[in-house]
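The values are calculated or read from the model by the stated rules, or taken from the named source; none is laboratory data. Bear in mind that the values here come from a model prediction, so they are computed numbers and not experimental data. Because the Cβ atoms are built from the backbone with ideal geometry, glycine has one as well, and the counts that use them run over all protein chains shown. Keep in mind that these areas ignore ligands, DNA and RNA; they rest on the heavy atoms of the full protein, side chains included. Shrake-Rupley method; radii C 1.70, N 1.55, O 1.52, S 1.80 Å.
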There are 2 protein chains.
Amino acid sequence: MSLVVQKYGGSSVATAERIKRVAERIVATRKAGHDVVVVVSAMGDTTDELMDLAMQVSPVPPARELDMLLTSGERISNSLVAMAISALGAEARSFTGSQAGVLTTSAHGRARIIDVTPGRIREALDQGSIALVAGFQGVSQDTKDVTTLGRGGSDTTAVALAAALNADVCEIYTDVDGVYTADPRIVPDAAKLDTITYEEMLEMAASGAKVLMLRCVEYARRYNVPVHVRSSYSDKKGTLVTGNMEDLTVEQALITGVAHDRGEAKVTVVAVPDHPGVAAKIFRTIADAEIDIDMVVQNVSIADQGKTDITFTLPKDEGHRAVAALEAKRSEIGFSNVIYNDHVGKVSLVGAGMRSHPGVTATFCEALAEAGVNIDIITTSEIRISVLVRDTELDIAVRALHKAFDLGSDEEAVIYAGTGR
Amino acid sequence: MSLVVQKYGGSSVATAERIKRVAERIVATRKAGHDVVVVVSAMGDTTDELMDLAMQVSPVPPARELDMLLTSGERISNSLVAMAISALGAEARSFTGSQAGVLTTSAHGRARIIDVTPGRIREALDQGSIALVAGFQGVSQDTKDVTTLGRGGSDTTAVALAAALNADVCEIYTDVDGVYTADPRIVPDAAKLDTITYEEMLEMAASGAKVLMLRCVEYARRYNVPVHVRSSYSDKKGTLVTGNMEDLTVEQALITGVAHDRGEAKVTVVAVPDHPGVAAKIFRTIADAEIDIDMVVQNVSIADQGKTDITFTLPKDEGHRAVAALEAKRSEIGFSNVIYNDHVGKVSLVGAGMRSHPGVTATFCEALAEAGVNIDIITTSEIRISVLVRDTELDIAVRALHKAFDLGSDEEAVIYAGTGR
């Protein structure tokens, strides 16, 4: 008998009918002889609807109260799934994040998990019950207030529980069949990956692959939790995220896949005085505004001697705040102006095999050149190459790279509508 | 500075606009220098909608999960009210029943409050914050599971908190102006009462007056909590429930009011063997089915010697269950048949003054006789007379009694649509 943690996203439980289908799958897993812990996101658009209500009563709702409000969404979906399981004759008990022992920091809206003490979950399992845990939420270790984990929170709850319970596998049910070599909506012959290492999955997630959130993969890697990403609409095997690069054999595929991200914008700070400490001032300004930056490049400005241009990318929806923060410090830092451009897209090639294959960068650049795509910025890690291109050329770039590295498959990809949380 | 507990029903917080209005009233109370604790019911039809969802996934949802589901309604309304208060510049913190220390039995769906340990509420007040508590819910002392208190639960939460915090008053905001001498929809000149004793309010509530639930009044009486029933749509003084009959002066009004109840049905068990223990068997059968009975009468049956008829009333929606339970024991108990009639209504006259005025019963019966209303069953307590009449004659009976005891007023009653929980 093994212990399985299953996580279902919001679209998988959007209606009473879908909840019943999810319940059937859970009961089937239990009947196959496994202990089952289930994490469910809020139903369909519940979170958005609650957010709307909040905005109607307050322009800037306090984060503590927003957490109290939003966590009711998971409470509703979890108790409904528990009822549907009971209707099938199995035992089920639902628990809030707090009851399940999910202890977090007190940073409302973006709390981090500090510890998981799943005594009540273990007890429910020992009594033969299926345990349901409300995802995305926990309780602050200091203030005992209800907290939420922010984006990707339910996936993280599932992986954290799997780690604390020493589960055999954490199954993430989603509306796609697994992790693909590229987004099948852009690349029709994208191939489903059977396995992917934590490191590669981290790079894919960081590069815009939406199937798993970065922090959830980080957690899984740290605690060595095997994560099985699969479809809630079929019984097909999905993608197993497990293992480290060090364990890979030489026969391993050179390249894992192509990821893309439309969510970034580019900021160029023009004619920055070229002496020590100035770049630090710029990035401190952005950090003080609590904005994460991604790619960074610095070029010598030819037109203006003793000056340099600094370019970086950041999430589009933080763009205007970043520009405003910089403008406020223009005279102190001493640059001439800021150029903001959100008509950009990022395309990344990820693969553990590229470490030992120096020709990858060359092939990468040739493929884009042949497709007529101009490279704006280029950054690399040990197992990833990312470039910033014009947003209108992003799809072309993804297809060109997918083809150049021969990642295609004959099997048709399955795409569903809807998103989870 | 005094401590005020305010309770707002579901219709008072049914929309974002109404939530903002409630927030204004709460902040005004705080600005007047009082400490304020607020209990809010779920928004409008939320509870019904959640119930609908439950029924869609399970024909008989487990009570524990139903409680987990339904309590999300109060969580939503309370956090929204907290946000609306913050938007007005005041400090507010919302708490679940569990966080507020509402400890209950583990009888899901109809838990009783065992104790209230409002340490976190006291702390919030001491820090200058307004404290909001989700009504209708608590946490089981034994199992640590989330419980609900059943009908009238939010009122009871408010009174229990007022008792535990030693509050100066518990204000119950509702959609009527207070407690009336009769339902103004039946009796247009019904008068609003300025004060009413706990005992009278208990009898009125037990007799069908819907403005306060019985258990809430019982709680208030036991802990001597003054309850102010008032309208959430005006600033007018409502009705103060306080004081005991013993403290009443002789000038006190003879009669408090006329209450009515359309929710009961009548069951007659015909030709019951007239020897000891048989009536007990009948009422044990009903009790085992967990059905509460109200009025009971036993008549000697003239037609059939050695036999008697036993008649009692009970909630209409339990009627068929009661009849089925009795029929199953027909041969054991030895009666001939059961007659069920739900075309009945109960009208009650309540007043502490009637104890020392023997003529009240005579006037009561004369008034009904003059109005042509036939009395089916009559029962009395020290301060109440109740009769069962035909349902079509109920309104006539209420008006006749109200007039006979001269309870009318010139001031117009204010009636709003909508119901709370």
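Computed quantities for the displayed model
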{"quantity": "Residue that is least open to solvent (accessible area, probe 1.4 Å) [pool: residues in the range B:58-92 that are assigned to a loop (DSSP other than H, G, I, E, B) and within 16 Å of residue A:91 (Cα to Cα)]", "calculated": "B:58"}
{"quantity": "Sole exception among (1) outside any strand (DSSP E or B); (2) buried (at least 23 other Cβ atoms within 10 Å of the Cβ) for residue B:107, by number", "calculated": "(2)"}
{"quantity": "Pairs with Cβ under 8 Å, 6+ apart, first in the range A:266-277 and assigned by TED's automatic domain parsing to the domain that holds residue A:319 and charged (D, E, K, R), second part of a strand (DSSP E or B) and open to solvent by 30 Å² or more (accessible area, probe 1.4 Å)", "calculated": "A:266/A:340; A:266/A:341; A:274/A:300; A:274/A:307"}
{"quantity": "Subset of the range A:161-199 [touching a Phe, Trp or Tyr at 6+ places or on another chain (Cβ under 6 Å), under 15 Å from residue A:230 (Cα atoms) and either part of a loop (DSSP other than H, G, I, E, B) or not assigned by TED's automatic domain parsing to the domain that holds residue A:236 (or both)]", "calculated": "A:175"}
{"quantity": "Complete set of residues in the range A:7-28 that are closer than 19 Å to residue A:162 by Cα and not in a helix (DSSP H, G or I)", "calculated": "A:7, A:8, A:9"}
{"quantity": "Some residue of the range B:131-146 being within 22 Å of residue B:98 (Cβ to Cβ) and free of Cβ contacts under 8 Å to residues at least 24 places away in the same chain", "calculated": "yes"}
{"quantity": "Among (1) under 18 Å from residue A:394 (Cβ atoms); (2) part of a loop (DSSP other than H, G, I, E, B), the one test that residue A:204 misses", "calculated": "(2)"}
{"quantity": "The range A:110-129: number of residues that are assigned to a strand (DSSP E or B) and under 19 Å from the mean Cα position of the chain (by Cα)", "calculated": "1"}
{"quantity": "Scope the range B:130-160; condition in a helix (DSSP H, G or I) and touching a Cys at 6+ places or on another chain (Cβ under 8 Å); matching residues", "calculated": "B:155, B:156, B:158, B:159"}
{"quantity": "Positions within the range B:16-73 being polar (S, T, N, Q) and either more than 13 Å from chain A (Cβ to nearest Cβ) or free of Cβ contacts under 8 Å to residues at least 24 places away in the same chain (or both), in sequence order", "calculated": "B:29, B:41, B:56, B:58, B:72"}
{"quantity": "Extreme residue, surrounded by the fewest Cβ atoms within 10 Å (Cβ to Cβ), among residues of the range A:327-348 that are touching a Gly at 6+ places or on another chain (Cβ under 8 Å) and of a type outside the set (Gly, Ala, Ser)", "calculated": "A:340"}
{"quantity": "Criterion violated by residue A:80 - all others in (1) farther than 18 Å from residue A:232 by Cβ; (2) facing another protein chain (nearest Cβ under 9 Å); (3) touching a residue at least 60 places away in the same chain (Cβ under 8 Å) satisfied", "calculated": "(1)"}
{"quantity": "Verdict on residue B:46 being closer than 18 Å to residue B:137 by Cα and in contact with a Lys or Arg (Cβ under 8 Å, 6 or more places away or on another chain)", "calculated": "no"}
{"quantity": "The range A:88-111 residues that are under 19 Å from residue A:47 (Cα atoms), paired with ones that are part of a loop (DSSP other than H, G, I, E, B) and open to solvent by less than 30 Å² (accessible area, probe 1.4 Å) (beta carbon under 8 Å, 6 or more apart)", "calculated": "A:97/A:135; A:97/A:136; A:108/A:145; A:109/A:150; A:110/A:149; A:110/A:150; A:111/A:149; A:111/A:150"}
{"quantity": "Meets criteria (assigned to a loop (DSSP other than H, G, I, E, B), modelled with pLDDT of 90 or more and outside the structural domain of residue B:11 (by TED's automatic domain parsing)) for residue B:210", "calculated": "no"}
{"quantity": "Enumeration of residues in the range B:110-146 that are within 20 Å of residue A:94 (Cα to Cα), within 13 Å of another protein chain (Cβ to nearest Cβ) and open to solvent by less than 40 Å² (accessible area, probe 1.4 Å)", "calculated": "B:134, B:137, B:139, B:140, B:145, B:146"}
{"quantity": "Test: residue in the range B:150-163 that is modelled with pLDDT under 95 and either open to solvent by 20 Å² or more (accessible area, probe 1.4 Å) or within 14 Å of chain A (Cβ to nearest Cβ) (or both)", "calculated": "yes"}
{"quantity": "Any chance residue A:331 is farther than 30 Å from residue A:365 by Cβ and without any contact (Cβ under 8 Å) to a residue 12 or more places away in the chain", "calculated": "yes"}
{"quantity": "Residues located in the range A:83-99, provided they are within 12 Å of another protein chain (Cβ to nearest Cβ) and within 16 Å of residue B:99 (Cα to Cα)", "calculated": "A:95, A:96, A:98, A:99"}
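Listed here are the residues, each with its yes/no results for (1) more than 30 Å from residue A:321 (Cβ to Cβ); (2) out of contact with any Leu (no Cβ under 8 Å at 6 or more places or on another chain).
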{"residue": "A:200", "(1), (2)": "yes, yes"}
{"residue": "A:209", "(1), (2)": "no, yes"}
{"residue": "A:214", "(1), (2)": "no, no"}
{"residue": "A:220", "(1), (2)": "yes, yes"}
{"residue": "A:260", "(1), (2)": "no, no"}
{"residue": "A:269", "(1), (2)": "no, no"}
{"residue": "A:276", "(1), (2)": "no, yes"}
{"residue": "A:282", "(1), (2)": "no, no"}
